[in-house]
Amino acid sequence: MQLRAQRDQRDPQAKRAKRLTRVLVGAAAVPVMLVAAGCSSDSGSDDGKDKAAEESAASKSASPSPTVKAAAYGKLPEPCSVVSKKTLDDLVPKADSGKEGSSNDTATRAGCSWDSLDDNGVKGSQFRWLSVSMLRFESDVTRGEGEKLAHDYYLKQLKDTQAAEGAKSLKTAPVSRTGNEASVVSYDLKKKEGTFKQQTVVARVENVVVTLDFNGAGLAGDKTPDAGDLVKDAQKAAKEAVAAVMKANDTSAGGKPSGTPQGSGSPSKPASETSSKAPSKSS
């Protein structure tokens, strides 16, 4: 009986001890879970910071917006004034005022033409026709610098002139001191009225291409003009036209204004021009 009573007294103590042990074990587990949760939360935060840092670095290392050097010249001169009155009197002595070509953007393309018929009665007559056209190219991020676009068009214009239909005795020669690059193409063109001597000077000054056509013929029995003289006259007029382009943009002969980078521009499109490869005025 005494032993049983002692067991009964110990049992409640044992039970309390077991319960206390479970409570302590459970309490100890809570901080462990909290620590684990805290580690998991910190890990996610670090991942976010790392991702943000990577995006920032990628943004800084990304290529900047493309730019292209601005075209040197931003305008064209009044087309009918690019050749001096004295030169006009020499080349087209009987011409009235020049006829300006149609253009919806005279800052991009412009031109003027003159024709002259010097009637010598029974001795025949002398016909002359002069035309100047100008085409300006703007820089553009997709097409490139205006100067490069003008150079490409200069080559194309020269090639097209050399391929003139019906041209005979065709010759091409460089022209000095006329813009950045210039050439003159001369040839004969036979028409029912007579033989026409055609001279075409193609010149580039910065981002502008100047095309000057000059032809002459002796009609109704008058003598055919000397091709050499016509070439010299055409070169002289072309030099004046190029100088007029430079003056309109406030640069001296031989000067080269510096362009500033720009992001985009309206590309000048080679549209219809006033120049003509064939002396259609005499038809």
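The values are calculated or read from the model by the stated rules, or taken from the named source; none is laboratory data. Computed from a predicted structure; not experimentally measured. Note that each Cβ is placed from the backbone with ideal geometry, even for glycine, and that neighbours are counted across all protein chains shown. Remember, those area values only see protein heavy atoms, side chains included, never the ligands or the DNA or RNA. Shrake-Rupley method; radii C 1.70, N 1.55, O 1.52, S 1.80 Å.
May I ask you to list the residues in region 71-97 that are farther than 29 Å from Lys148 by Cβ, at pLDDT 95 or above and open to solvent by less than 60 Å² (accessible area, probe 1.4 Å)? If the condition is that a residue be farther than 29 Å from Lys148 by Cβ, at pLDDT 95 or above and open to solvent by less than 60 Å² (accessible area, probe 1.4 Å), then Cys80, Ser84, Thr87, Leu88, Leu91, Val92 are the ones that fit.
When you scan region 226-234, do you find a residue that is loosely packed, with under 15 Cβ neighbours inside 10 Å, free of Cβ contacts under 8 Å to residues at least 60 places away in the same chain, at negative phi and outside any helix (DSSP H, G or I), even just one?
Step one: of region 226-234, the residues loosely packed, with under 15 Cβ neighbours inside 10 Å are 226, 228-229, 232.
Within this subset, residues satisfying the condition of being free of Cβ contacts under 8 Å to residues at least 60 places away in the same chain are 226, 228-229, 232.
Going one step further and asking which of them are at negative phi, we end up with 226, 228-229, 232.
Filter again for outside any helix (DSSP H, G or I), leaving 226.
Within region 226-234 (the criterion being loosely packed, with under 15 Cβ neighbours inside 10 Å, free of Cβ contacts under 8 Å to residues at least 60 places away in the same chain, at negative phi and outside any helix (DSSP H, G or I)), the answer is yes, since at least one residue qualifies.
Glu193 passes every criterion in (1) touching a Phe, Trp or Tyr at 6+ places or on another chain (Cβ under 9 Å); (2) within 30 Å of Asn249 (Cα to Cα) apart from (2). For region 174-204, residues that are within 30 Å of Lys223 (Cα to Cα), touching a strand residue (DSSP E or B) at 6+ places or on another chain (Cβ under 7 Å), not in a strand (DSSP E or B) and not β-branched (Val, Ile, Thr) total 1. Scanning region 148-172 for residues being under 13 Å from Ala203 (Cβ atoms) and open to solvent by 40 Å² or more (accessible area, probe 1.4 Å) gives a total of 2.
Out of the residues in region 104-123 meeting the condition of being modelled with pLDDT of 90 or more and small (Gly, Ala, Ser), tell me which one is surrounded by the fewest Cβ atoms within 10 Å (Cβ to Cβ). Here the residue is Ala107.
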